[in-house]
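Take a look at the structure set out below.
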Amino acid sequence: MAMPWEEYFQLVLEEKLSTKIPEQNTDHVPPVLRLLEKRQELVDADRGLQAQKEVFEITKASLKQRWEQLEQKEQELKGSFIRFEKFLQDAEARRSRALRRAEEERHLAGRREAEALRLRAQLAELQRERARLQRGLQRLEPCASLLGQMLELLPEFQEVPELVARFDGLADMQAALRLTERQRLAELEEARARLQRLRNSWQDELLLQGQWRAHLLERLESARERTLHWESKWIQIQNTAAEKTLLLGRTRMAVLNMYQLVCQHQRRPPTLDIEDTEGQLEQVKLSILDLSAMLAGLRQAESTAPTS
């Protein structure tokens, strides 16, 4: 237990007094001199005590500062220990997470590899299917192009199915006419056979059959005339389609030339496909509108400008 500083100074004072008072002959020293010596010793002792007190205070302050530094270092060590423990825990947690992520990534890599193999097989199958469809599309491309051109040349049809239905109807009608003709020919042959059989029977029946034959011949002739009429109609449609196709080609060429002139005027390369006639017309239209707006602005500026 630490000794109070008052007791410490009292003990030091007593020690100094006991060591500094010499053994003198009290019989030969006057009392005043002894009193002065005592006072001097007390002053010296007080000075020594004051110096020791200052040293003690300095030492005490130094020890207090040292103790505070030690406590601060202890707190820092505790904080460092806590941070180190937290660092170890975080490192362990990161290691666990890294191990889990690595395990998950291995599983994910396995699944992705399996998925990649499946997708490669599916891609190969799709490529084969695409090649097959591409070959079919190449075979049907002329027909589709022809139908598109016919649809553009015949404004009464809105969609390709309507045009196809119309041609199917004409083809069905032609097939029906040919079937009717075959039926009439069969009926005619049957009538001839019946006529041959009935010739040996009676004359009236022969006359009746002759009239029936004439009627059938008239119907056959009418059917032939209708067939010729529809065949001529078909030839006329084909000729009209050829003319419209030629006109369409010239129109598309003119549109392409105008689009190229617009691109040259705007100093940019053509970006639309050659077959995209509607897009080319739209670009030409936009350019004409821009030029019209520019001319209108110039006219307005000239009209509003002050005359000199």
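The values are calculated or read from the model by the stated rules, or taken from the named source; none is laboratory data. All figures in this text were calculated on a predicted structure; none of them were measured in a lab. Heads up, the Cβs are rebuilt from the backbone with ideal geometry, glycines too, and the neighbour counts pull from every protein chain shown. These accessible areas exclude ligands, DNA and RNA; they are computed on the full protein's heavy atoms, side chains included. Shrake-Rupley method; radii C 1.70, N 1.55, O 1.52, S 1.80 Å.
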Item checked: Net charge, Asp273 excluded, C-beta distance under 14 Å - Lys, Arg +1, Asp, Glu -1 -> -3
Item checked: Positive-end residue of Gln266, Leu246, Leu220, charge dipole of segment 190-295 with Cβ unit charges -> Leu220
Notebook entry, point to check: Tell me, what is the 1.4 Å probe accessible area of His215, in Å² to the nearest 10?
Noted result: 70
Check: From largest to smallest, what semi-axes in whole angstrom does segment 60-122 give when each is the square root of 5 times an eigenvalue of its alpha carbon gyration tensor?
Finding: 58, 7, 4
Checklist line | Under Karplus coefficients 6.51, -1.76 and 1.60, residue-wise ³J(HN,Hα) of segment 116-124 in Hz, glycine/proline x | finding: 5, 4, 5, 5, 5, 4, 5, 5, 4
Notebook entry, point to check: Separation of segment 250-308 and segment 50-105 by C-alpha centroid, Å?
Noted result: 80
Note to self: Cβ neighbours within 10 Å, averaged per peptide: list 216-225, 293-302 in order, most packed at the top.
What the structure shows: 216-225, 293-302
